[in-house]
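Okay, so here's the structure we're looking at.
We did not get these values from a lab; they are worked out from the coordinates using the rules stated. Model, not experiment: these values are computed from the prediction. Neighbour counts are summed over all protein chains in view; Cβ atoms, including those assigned to glycine, are modelled from backbone coordinates with ideal geometry.
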Amino acid sequence: MESSFDVVRAKRRGGTGSFHLTGLSDHDPQLPVVEQLEAALCTDALVTLAATPTFPVKYPPSGTLMSAMHHGVPNRHWTAPEPVTNSAGHGRRRRDGGSPMTSSPPPGTAEPARAASPLTISEQGAFWVGVGRKPTEAGTAAEAAMYVQYQIPADLRHPLPVVMVHGGGGQGTDYLSTPDGRPGWATRFLQAGYAVYVVDRPGHGRSPYHPDVLGPIEGAAPTYEFIRWLFCDGAGRPGSQWPGSGEVGDDFALDQLMASQGPTLPTFAENEEQMRRCGAELLDRIGPAVLITHSMGAPFGWLVADARPGLVKAVVSIEPIGPPFIELPGLGKLEWGLTAAPITYEPPARTPEELRLRLRAAGGDGLQDCLVQDEQAGPVRSLPGLQGFPIAVVAADTSPFAPFQHGVADYLAQAGVDAELLRLADLGFTGNGHLPMGEKNSDDVAEALMTWLNKRLADGEETSR
């Protein structure tokens, strides 16, 4: 039996442009009032945002509505037909223009958007993935779901969407705006023609932490002193790109970043299992995608690619957690190399103890010796789920994570993965810390990463022909 949402969506596909925003009387009189309201809220609209908005932001005119319910259709099939005008005089996009992606360039051919580019959003909304049910003493609770916010630009130039995954105890807001209030990477990738999906990992941000489902919160939320050490001070290697003074009590940007921080799940393994489950469901829904991960969110990329072969087309891992096999008190150990949760090796490894390891000298000042597989102890096991697409391991020069990022890239490369270490300093960006998406040169770093993506995706397209 067709649901009311199916009816509404089918009507929207008709291409007649029959929906208006002037009132309910123009809608199908056979639909109940509630479903007519749903139809109105599903009506597409175009909303143009300034490249660098001032505050307060002026909202669209009354009656301009943005869709929040079109997440069931894979965004890689979207085209950008010319807007038409509805009866209220506001622009909205027709559904009947153009065949899916037939006029879009192949991956990697579009140029990155400049910072001054205006941005027109044709579709946006939010949904949760991984929604389960768990019995509790009080009743049935929703099992750790993951919040997903998406936006699709009218000028959609890339067939692959980008999924942005935050780190640590943060949330998706890390990508929406910089701590000092400038547009974030989500905006810059939208300007470049990518559909963008920003997630709040289970138990973070708009994915509520339910102790009856995820277990009791262990330990305190991050402190100002810890966040300053991690993002501003660089563990004694202070950089020059943090957009504030870095002083507690005298730094608006630090206050804003701190306000977004919360506790994380009790253990690495539980955290990662939730990432794998929810991330796999997200790609089942939206199709092939590029993953941009950060810090403690890096295992999202490794595990989702392993769980959904063929659906991850590239991973840009910003300052991934490491080094391989590290153990952090109270959180656990990356006992499978770069993950605490099991990941597929070939030949198979039934337990982490079957991975034979040795310490590889770093060969550089200030760099840390890191574990790799021991070639002398037998065949090196590969990571088949991470093969067949490019991976960038992005390292900042003044981050506490800088000394071991080469170890992450080396471990992947030894396992047959197309992994490349991108040192921001080698690209001309110095003074960056552990949050490059929030620092002064965030726009320039984003553009450099888009250039890398464009080239590698285009190279992959050529190879597959």
Below 11 angstrom from the Cβ of residue 393, what's the summed charge of the other residues (Lys, Arg +1; Asp, Glu -1)? -2
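If r is the Cβ-Cβ distance from residue 333 to residue 451 and R0 is 30 Å, what FRET efficiency results, to the nearest 0.05?
Values: r = 36 Å, r/R0 = 1.20.
Once rounded, the FRET efficiency stands at 0.25.
Once you order the gyration tensor axes a ≥ b ≥ c over the Cα atoms, which shape class does the range 364-420 get: rounded for a/c under 1.5, otherwise prolate or oblate by comparing a/b with b/c? The partial results should precede the final answer.
Numbers: a/c = 3.64, a/b = 1.39, b/c = 2.62.
Oblate shape, in that a/c is at least 1.5 and b/c is the bigger or equal ratio.
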Going by a ≥ b ≥ c, the root eigenvalues of the Cα gyration tensor, does the range 286-411 fall in the rounded group (a/c under 1.5), the prolate group (a/b larger than b/c) or the oblate group? oblate
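If we count other beta carbons within 10 Å of each Cβ, what is the order of 365, 250, fewest first? Intermediate results must be reported in sequence, preceding the final value.
Numbers: 365 6, 250 10.
Least to most surrounded, the residues fall as 365, 250.
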Segments 193-199, 319-325 sorted - mean Cβ within 10 Å per residue, highest first: 193-199, 319-325
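With 10 angstrom as the radius, rank 143, 270 by how many other C-beta atoms surround their C-beta, starting from the fewest. Numbers along the way, then the final one.
Details: 143 16, 270 20.
By the 10 Å Cβ count, ascending, the order reads 143, 270.
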Hey, can you grab everything whose amide H is under 5 Å from the amide H of residue 382? Only 5+ residues off in sequence or another chain; H modelled, so Pro and N-termini drop out. 346
Going fewest to most other Cβ atoms within 10 Å around each Cβ, 418, 426 line up as 426, 418
Going by average Cβ density within 10 Å per residue, which order do the peptides 369-380, 336-347, 236-247 take, highest to lowest? 336-347, 236-247, 369-380
The set of residues whose placed amide H lies less than 5 Å from the amide H of residue 360, leaving out same-chain residues fewer than 5 positions away, is 370, 371, 372
